[in-house]
1. Between F205, F184, which is surrounded by fewer than 14 Cβ atoms within 10 Å (Cβ to Cβ), within 26 Å of L242 (Cβ to Cβ) and in contact with a helix residue (DSSP H, G or I) (Cβ under 9 Å, 6 or more places away or on another chain)?
2. Looking at region 205-219, I want the residues that are closer than 14 Å to L234 by Cα and touching a residue at least 60 places away in the same chain (Cβ under 8 Å) and have a partner that is open to solvent by less than 100 Å² (accessible area, probe 1.4 Å) and among the aromatic types (F, W, Y) with Cβ atoms under 8 Å, at least 6 apart or on another chain. Which pairs are those?
3. Is it the case that some residue within region 162-181 is closer than 23 Å to K275 by Cα, in contact with a Leu (Cβ under 6 Å, 6 or more places away or on another chain) and buried (at least 20 other Cβ atoms within 10 Å of the Cβ)?
4. List every residue pair whose Cβ atoms sit under 7 Å apart, with the two residues 6 or more apart in sequence or on different chains, where the first one lies in region 180-198 and is without any contact (Cβ under 8 Å) to a residue 12 or more places away in the chain and under 14 Å from L164 (Cα atoms) and the second, anywhere, is part of a loop (DSSP other than H, G, I, E, B) and open to solvent by 20 Å² or more (accessible area, probe 1.4 Å).
5. Among the residues of region 46-57, is any at pLDDT below 90 and of a type in the set (K, R)?
6. Of everything in region 275-293 that's over 21 Å from the mean Cα position of the chain (by Cα) and closer than 22 Å to Y119 by Cβ, which residue is surrounded by the most Cβ atoms within 10 Å (Cβ to Cβ)?
7. Test K111 against the stated conditions and say whether it is within 30 Å of I145 (Cα to Cα), assigned to a helix (DSSP H, G or I), open to solvent by 100 Å² or more (accessible area, probe 1.4 Å) and at pLDDT 95 or above.
8. Residue check: is E15 out of contact with any helix residue (DSSP H, G or I) (no Cβ under 6 Å at 6 or more places or on another chain), surrounded by 11 or more Cβ atoms within 10 Å (Cβ to Cβ) and not aliphatic (A, V, I, L, M)?
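The values are calculated or read from the model by the stated rules, or taken from the named source; none is laboratory data. Treat the numbers as computed from the prediction; the structure is a model and nothing was measured. For neighbour counting, all protein chains shown are included, and Cβ atoms are generated from backbone atoms with ideal geometry for every residue, glycine included. For the accessible areas, the whole protein counts, side chains as well, though only heavy atoms, and no ligand, DNA or RNA atoms are used. Shrake-Rupley method; radii C 1.70, N 1.55, O 1.52, S 1.80 Å.
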Amino acid sequence: MNFSDFQLLTVLAKERNMRKAAERLFVSQPALSQRLQTIEKEWGRPLFLRSHKGLALTPAGELVVEYARKVLELEEKVKEDIQAMESEVYGKLKIACASIVGQHWLPKVLKKFVERYPYVKISLITGWSSEILKAMYEDQVHVGIIRGTPDWKGVKMHLFKDHLYLVDCEIKRIEDVLVTDRPFVQFKSDSNYFQEIQDWWHRRFQTPPKSTIIVDQIETCKQMVVNGIGYAILPEITLDGLSDRLYKIPLVNEDNTRLGRDTWLIGYSNYFQLKQVDAFVKIVQESIQTGKE
């Protein structure tokens, strides 16, 4: 097997569809099918089961595909080590980022990064902070950007804290939630964030909201607030562009301190020695400093 065969197998294993895999590999479907048959002959047994529903890995196929993935990862690591010796910044920068930060803060940072380091290829995955931590522990990415208070033993850099606000088109005072019949619109989030809101609410009101609407995405939550359906508690990072006609009431604790969410950049120290990772961290630090000025 050559290097292109390893790529072929990993794409087939991911797509589980001959047509989609052929499109990703920029080859014809017959050529892909023929090459797969040749590879299977080399291994002496079928690696995929074919059906009208698509492809499924055989037990032998699972072993061979895992081997192919390790070969590709090793080659990428060798390339990164070689490129790190050069003066220019090359390589692949793999980032896992909490969805809210990925939508509202990270794009401006990445814009600066790609303008300054055009030869770096960026791989970005987003999700809940628990998913980002999982990606970090499984060594899938170079750096992670997460929310909350991470239990992380490696490099941990505080980026910013954004405060939480109750946002609504009618409620002007936080106490009004006790008398309103309007629903509390909540978006699904990490259990830590959800629990933090629940704890604050209980401390503040000792009684649950009269009615609640749960939505999947924070953007859906915002639109329901904008359209007057209900009120929501939203992080400050998401409030840019919201109508001035909406009331934004900061959440405060019993000691009158503001309730907020911290954002952290985390990673393993060995990855911070890669030039593309070091360059990204410096861009992040510049952006944080600019935001404070």
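1. Numbers: F184 fails: surrounded by fewer than 14 Cβ atoms within 10 Å (Cβ to Cβ).
That would be F205, the only listed residue that is surrounded by fewer than 14 Cβ atoms within 10 Å (Cβ to Cβ), within 26 Å of L242 (Cβ to Cβ) and in contact with a helix residue (DSSP H, G or I) (Cβ under 9 Å, 6 or more places away or on another chain).
2. Every condition considered, the pairs that remain are I218/F187.
3. Going through region 162-181, the residues closer than 23 Å to K275 by Cα turn out to be none.
So far as region 162-181 goes, no, none of its residues is closer than 23 Å to K275 by Cα, in contact with a Leu (Cβ under 6 Å, 6 or more places away or on another chain) and buried (at least 20 other Cβ atoms within 10 Å of the Cβ).
4. none
5. yes
6. Filtering region 275-293 down to residues over 21 Å from the mean Cα position of the chain (by Cα) leaves 275, 286, 289-293.
With the extra rule that they be closer than 22 Å to Y119 by Cβ, the set shrinks to 275, 286.
On the way: K275: 20, E286: 13.
In this case the residue turns out to be K275.
7. On the way: within 30 Å of I145 (Cα to Cα): yes; assigned to a helix (DSSP H, G or I): yes; open to solvent by 100 Å² or more (accessible area, probe 1.4 Å): yes; at pLDDT 95 or above: yes.
When the stated conditions are applied, K111 passes them.
8. Working: out of contact with any helix residue (DSSP H, G or I) (no Cβ under 6 Å at 6 or more places or on another chain): no; surrounded by 11 or more Cβ atoms within 10 Å (Cβ to Cβ): yes; not aliphatic (A, V, I, L, M): yes.
Criteria not met by E15.
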